[in-house]
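See below for the structure under consideration.
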Amino acid sequence: MNQFSKSLSRSTAAALLLAAAAASGNAWAQSAAPAARDMAKPMNVAQLSAQGTVEVRQDWMTATLSATKDGRDAAAVQAQLQKVVEAAMTTLRRDAQSGLMELSTGNFSISPRYGNSGKVEGWQGQADLVLQGRDFARITQAAAKVQDMTLGGMGFGLSREAREKVEGEAQAKAIENFRQRAAAISKSFGFAGYSLREVTVSSSGGNFRPMPRVGMLAMAKGASFADAAPVPVESDRTEVTVSVGGSIQMQ
């Protein structure tokens, strides 16, 4: 065998050895990958959740006053509604006070009225004023002074300050309940303690609840709210719930 043939033979053998080593390495990597994944899987982890609930009386009232007008001319309908709203706001501003009774405009719309032929026969419009606050008596008494508007609806809920306070109390209860459950579960499985892996916090409840529309239908037929005595109202109680969920590492 000449020198060239010997050199070629050695090169071929080296290439075969390298290929075998690479194949062996790939096989080892493929067999090691599942084992590495198994080792990375969380162990002794528990998922749990807990809640904290606080009941409180609703302290915020919202009342809507509405006016409707109808006519053959859209501009005339709009002018009539503007006149009613401006007069009502002048009356209501005397009793408005931040937090106790706040005044704002609501919906204001003009839409065509169609006849049987499908053509526009006139225009109808609606304008709303919104009263809201903590002083229920002030709101109903002020609303009773307004001419040419009817009581469209009432609802009760929690003020921002009350909601923040109640949510804080409910959250403290939920967290304490979560900690107690986590400790109990860890102990039940024979572990001395636990550490938090992840946690989420959410709240619900305390939303506005509309009052039944008792006595409002008669007023909506034409009688103004000012013709009647102030509507006696009382808010209901509501519950605010905070939920805490997550996972713990038992140790």
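Each value in this text was obtained by applying a stated rule to the coordinates, not by laboratory testing. Not measured: the values here are computed from a predicted model. Neighbour counts run over all protein chains shown; Cβ positions are idealised from the backbone, glycine included.
Tabulated data for the structure shown
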read-out: Segments 124-134, 107-117, 41-51 sorted - mean Cβ within 10 Å per residue, highest first; value: 124-134, 41-51, 107-117
read-out: Extension gain, Glu102 back to Thr90 (0.36 nm per residue minus Cα-Cα distance, nm); value: 3.0 nm
read-out: Hz values of 3J(HN,Hα) by residue in the range 96-110 - Karplus curve (6.51, -1.76, 1.60), Gly and Pro given as x; value: 5, 7, 3, x, 8, 8, 9, 10, 8, 7, x, 5, 9, 9, 10
read-out: Two-site label geometry, Ser203 and Ile110: point separation in nm, points 7 Å out along Cα→Cβ; value: 4.3
